[in-house]
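The numbers here are math on the coordinates, done by the rules we state, and not lab data. Predicted, not measured: the structure shown is a model, and the values here were computed from it. When we count neighbours, we look across all protein chains shown, and the Cβ atoms used for this are built from the backbone with ideal geometry, even at glycine.
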């Protein structure tokens, strides 16, 4: 229906829209000048500056800690919540799913403000714990959503069979159910991590003055015009790092398939 | 599993506390005149409703609708063919690589990506080396490009999932019954991928209209969208009443969309 040329054209347009800003930032991370409109020569000093700019370095560490904690908590909770939802009577399911999907479809700014209002009414002091709570809040629904389809495919008798064969309730879940829905759990964990590490708006509303993640750090620096291009360097490391990891995984899984065929 | 578990009721209570109680509070705040969350001087008032109709805000409403709608439409026009092309790739490894290429940019920080465009759109940019000056900052086009670039993956993936879920036998049946490629697309593939399209449109439109950082950076503060309006009322002027009213309207729109999407997409798996 589409010619080969128009197919590649549309793919290229899509990829250009996504990659142009990333490439610009990557170029600037090697630029010796502070000003983004002139190129003074190649440098690696911004890569060093990631470690010397204390506030940036802390923000990066915070981002990773929050993302890891949020991922672990939301994946664990989400798995058990999904297990419970799958056992619900059909008539309750739509309501529960509606509640679950609300944070996903809600605009970030509304979620952020909602959490800010409720946290301040509850008297929480804003900082890392409120931000973590907020991240767990918006990550968990994604985990639930990615696990539920896997549970649907699961044979209803698998759990009973495990119990008949002598497993305890706990063993049946750990040894039979969890391995069967493993892909859903991993997908959910990855989505949770991605959402958390890239979040700006919700973090902005739920953190206190002393605690920032990478996004809120950038935003505050942009408005104060004390931006450090080391942030470009960090972003480039992340993109290149994930690219290499994905290429590695892809090559490895191809190798695995070859072995299987042999 | 027969053992009753406490975690689901707890989760529902948690969702109600964090979603619906704030929503009720916002409705309450929308009908009151207050400064911040200071409940001691709170009084009933319809001042926020008067403020929302103030013509100085019309531009923000109009901008939000026009710019976000254009971005959503562009995302659909670019994203649908891409989703279709990816789903038609037969070789697994090639398909995975192209899928990954569309996921990878999401791991770059959103603000950094917006800054990338900002740097490019400035009259003085790296492009001056080539003798080009885009000078787009402050133009609606800059904001639309920024939105499409930021949210395009959110259009591609729901549509891709919807097309992938489609029963191949239906497409074969359509060919067997004499339909050509174009007819098969129009009468089989397109209607069956509509849930993905609805999902994608929502996932692009709402964030576009409410992301306050994007217009701030790409318009130099000249173009104000709904998100900026809400943000400035909560963050700068502490006019929580007006900010709440805007949020309540937004939530109502989201509710209606959700009911619509829930109706079209029973499994709910097109949201991710």
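Flag: residue A:15 matches the condition of being within 12 Å of chain B (Cβ to nearest Cβ) and either crowded, with 18+ Cβ neighbours inside 10 Å or not in a loop (DSSP other than H, G, I, E, B) (or both). Taken over segment A:18-46, the criterion of being in a helix (DSSP H, G or I), more than 24 Å from the chain's Cα centre (by Cα) and either within 12 Å of chain B (Cβ to nearest Cβ) or surrounded by fewer than 17 Cβ atoms within 10 Å (Cβ to Cβ) (or both) is satisfied by A:27, A:28, A:45. Could you tell me whether residue A:104 is in contact (Cβ under 8 Å) with a residue 40 or more places away in the chain and either surrounded by fewer than 15 Cβ atoms within 10 Å (Cβ to Cβ) or within 24 Å of the chain's Cα centre (by Cα) (or both)? Yes, satisfied.
For (1) surrounded by 21 or more Cβ atoms within 10 Å (Cβ to Cβ); (2) free of Cβ contacts under 8 Å to residues at least 12 places away in the same chain, each residue gets a yes or a no:
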position	(1), (2)
A:67	yes, no
A:92	no, yes
A:98	no, yes
A:125	no, no
A:147	yes, no
A:152	no, no
A:156	no, yes
A:167	no, yes
A:177	no, no
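Against the condition in contact with a helix residue (DSSP H, G or I) (Cβ under 8 Å, 6 or more places away or on another chain), surrounded by 21 or more Cβ atoms within 10 Å (Cβ to Cβ) and over 27 Å from residue A:5 (Cα atoms), how does residue B:133 come out, does it pass? Taking the combined requirement at face value, the residue does not satisfy it.
Screening residue B:52 against (1) more than 14 Å from chain A (Cβ to nearest Cβ); (2) free of Cβ contacts under 8 Å to residues at least 24 places away in the same chain leaves a single unmet condition, (2).
Taking the conditions (1) buried (at least 16 other Cβ atoms within 10 Å of the Cβ); (2) touching a residue at least 12 places away in the same chain (Cβ under 8 Å) in turn, residue B:170 satisfies each one other than (1).
Just give me the residues in segment A:205-255 being more than 24 Å from residue B:243 (Cβ to Cβ), facing chain B (nearest Cβ under 9 Å) and either part of a loop (DSSP other than H, G, I, E, B) or in contact (Cβ under 8 Å) with a residue 60 or more places away in the chain (or both), in sequence order. Of everything in segment A:205-255, those that are more than 24 Å from residue B:243 (Cβ to Cβ), facing chain B (nearest Cβ under 9 Å) and either part of a loop (DSSP other than H, G, I, E, B) or in contact (Cβ under 8 Å) with a residue 60 or more places away in the chain (or both) turn out to be A:214, A:227, A:231, A:232, A:234, A:235, A:236, A:239. On the stretch given as segment B:49-79, residues that are assigned to a helix (DSSP H, G or I) and either more than 22 Å from residue B:141 (Cβ to Cβ) or more than 24 Å from the chain's Cα centre (by Cα) (or both) total 7.
The set of residues in segment B:23-48 that are under 29 Å from residue A:103 (Cβ atoms) and not in a loop (DSSP other than H, G, I, E, B) comprises B:23, B:24, B:25, B:26, B:27, B:28, B:29, B:30, B:32, B:39, B:48.
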